[in-house]
Amino acid sequence: MRFSSVALAAALATVSITTSLQGQRPDDQIDARSLQLLTQGRAMKAAGNLDGATDTLETAVAVDPRNRGAFIVLAEVAGQRGLPGKAIRLYREALLLEPNDRVALKGQGEALVAKGAISRAKDNLAKLRTLCKGACPEATTLAAAIAKGPPVTTAQADAKPVAAKQ
């Protein structure tokens, strides 16, 4: 009699835990709606509609935050817009889902080069070379971007300076 209440509580805990575990989807199953939105976002990006692609891809991530492909394409769009800091953050989100994603490592490395963080880009290159035992196009592309260096930015000066008002 003394153990019946403890046994009943343990049984209820076991049933509730197994029921909740059966209701979860495996990590490799991404919501079909999110994949469809990813496909639409890629098409918009290819057509040059970066605003529409961003909106669609952000919706894909909202539908299923495990959609690594949506993070990668979002980062590519940010890179095309000249936003390397945002691209680095989005590639980091993809790498949190899959730390050995070669496309995300290469893209993040290129964004780091664009931002001027060459040493961190070299860390990505080293990781890529350890992942690729043989020839690796991602490592080759990133090595070329590192060798080229960050883009040169120049200050824009007006041809005719404007006098200050007194």
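Data table
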quantity: Among 118-130, 85-97, the order from most to least packed when residues are scored by Cβ within 10 Å on average; calculated: 85-97, 118-130
quantity: Inter-label distance, nm, simple model (7 Å from Cα along the C-beta direction), residue 140/residue 152; calculated: 2.8
quantity: Cα gyration tensor shape of segment 42-164, rounded if a/c is under 1.5, else prolate or oblate by comparing a/b with b/c; calculated: oblate
quantity: Nearest-10 value in Å² for the accessible area of residue 115, using the 1.4 Å probe; calculated: 130
quantity: Extended-chain gain in nm, criterion 0.36 nm per residue less alpha-carbon gap, residue 122 and residue 32; calculated: 28.8 nm
quantity: Exposure ranking of 58, 110 by accessible area [1.4 Å probe, largest first]; calculated: 58, 110
quantity: Filter on 86/127; 106/127; 45/115; 86/115; 115/148; 86/106 - keep pairs with C-alpha separation over 20 Å; calculated: 86/127; 45/115
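The values are calculated or read from the model by the stated rules, or taken from the named source; none is laboratory data. Everything numeric in this text was worked out from a predicted model, so none of it was measured. Cβ coordinates were reconstructed from backbone atoms using ideal geometry, including for glycine residues, and neighbour counts include every protein chain displayed. Quick note on the areas: whole protein, heavy atoms, side chains included, nothing else; ligands and nucleic acids left out. Shrake-Rupley method; radii C 1.70, N 1.55, O 1.52, S 1.80 Å.
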